[in-house]
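Trainee: Shown below is the structure under consideration.
Just so it is clear, none of the values below were taken in a lab; they were calculated from the coordinates. Quantities reported herein were computed from a predicted structural model and do not represent experimental measurements. A quick note on method: Cβ atoms are made from the backbone with ideal geometry, for glycine too, and the neighbour counts reach across all protein chains shown.
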Amino acid sequence: MLGLFFNSQTAHAGLLLEPYVGYDSGQWSKSSNCTTCSAHQSGATYGARVGVESMGFMLGGDAMSGSWTDQYSPNDSETPTSVGAFVGYDGPLMRMYFGYGIASSLKQTRVGYEDTYSGTDYKIGIGFHLVPLIAINFEYIDATYTKDSNGPLSSNVTSKMYGACLSIPVNL
């Protein structure tokens, strides 16, 4: 009985490496001069989370980019980027995480036009382990851009996306 009381497991932190690839879909919008411009946007997203994990709790950095298009007329090619931090919990069957992008941008390009919006974003995700080394994650990303290539915006540009991604969480 005393052996059970005094025999405790020691907690150790391991290095977490988690590349991911997925697909996101949503909408960007901008309000200016009493009119609202908005368009559906979607495309591939890829990135990686790197950090530490101990007893299921995760903490680290998250870097994301992608290749999207929107349905604005004419269509824009979009390159989202985000670099930030995340916290989360990875249980035996399910995982949850929250990320905050301190440097987020959305570059929009079409013939005769190019602009890059910058700001911040947050990400909420829930995932499930398909097999020991592969997880499927469902995410909501909400970005607010307050500047463009010319400086501060008179009204913010927002991007709200839902997505699914496959990741390979590896603990070293």
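Trainee: Considering the dipole of region 66-172 built from charges on the beta carbon (Lys and Arg +1, Asp and Glu -1) around the Cα centre, which of G125, S73, T109 is farthest to its positive end?
Mentor: G125
Trainee: Additional query: Determine the relative contact order of region 33-104: mean sequence separation of Cα pairs under 8 Å and six or more apart, normalised by residue count, in whole percent.
Mentor: Relative contact order for region 33-104 comes out at 26 percent.
Trainee: What distance in nm lies between label points placed 7 Å from Cα along the C-beta direction at M96 and A48?
Mentor: That separation, rounded to one decimal, is 2.8 nm.
Trainee: Which value, in debye to the nearest 20, gives the size of the charge dipole of the chain about its Cα centre, when Lys and Arg are +1 and Asp and Glu are -1 at the Cβ? Write out the running numbers ahead of the final one.
Mentor: On the way: 8 positive and 14 negative charges, 29 e Å.
I would put it at about 140 debye.
Trainee: Spin-label point model (7 Å from Cα, Cβ direction): what's the L130 to L59 distance in nm?
Mentor: It works out to 3.1 nm between the two label points.
Trainee: Helix-only mean residue ellipticity at 222 nm, the chain, DSSP H runs n ≥ 4 weighted -39,500 (n - 2.57), per residue, nearest 500. What is it? Mind dumping the intermediate values first?
Mentor: Working: 1 runs with 5 residues, N = 172.
Calculated at 222 nm, the ellipticity per residue is -500 deg cm²/dmol.
Trainee: What percent does the relative contact order of the chain come to when contacts are Cα pairs within less than 8 Å and at least six residues apart?
Mentor: Numbers: 475 pairs, mean separation 37.9, N = 172.
Over the chain, the number comes to 22 percent.
Trainee: Just add up the charged neighbours of L172: K/R +1, D/E -1, any other residue whose Cβ is under 12 Å from the Cβ of L172.
Mentor: Numbers: positive: none; negative: E18, E53.
Summing Lys/Arg as +1 and Asp/Glu as -1 gives -2.
Trainee: Another question, then. What aspartates and glutamates sit close enough to K123 to cross-link, taking a C-alpha to C-alpha distance under 18 Å and skipping anything fewer than 8 places away on the same chain?
Mentor: Output for K123: E18, D24, D62, D90, E139, D142.
Trainee: Scale the Cα Rg of the chain by the rule-of-thumb value 2.2 N^0.38 Å and send over the ratio, two decimals.
Mentor: Working: Rg = 19.3 Å, N = 172, 2.2 N^0.38 = 15.6 Å.
With N residues counted in the chain, Rg over 2.2 N^0.38 Å equals 1.24.
Trainee: How would L130, L17 line up from fewest to most surrounding beta-carbon atoms within 10 angstrom? Display every interim value, and only then the final one.
Mentor: Numbers: L130 10, L17 15.
Least crowded to most crowded, the residues run L130, L17.
Trainee: Please report the net charge: other residues with Cβ closer than 13 Å to the Cβ of H40, K and R +1, D and E -1. Walk me through the numbers before you get to the answer.
Mentor: Numbers: positive: K160; negative: D24, D70, D76, E78.
For residues surrounding H40, the net value is -3.
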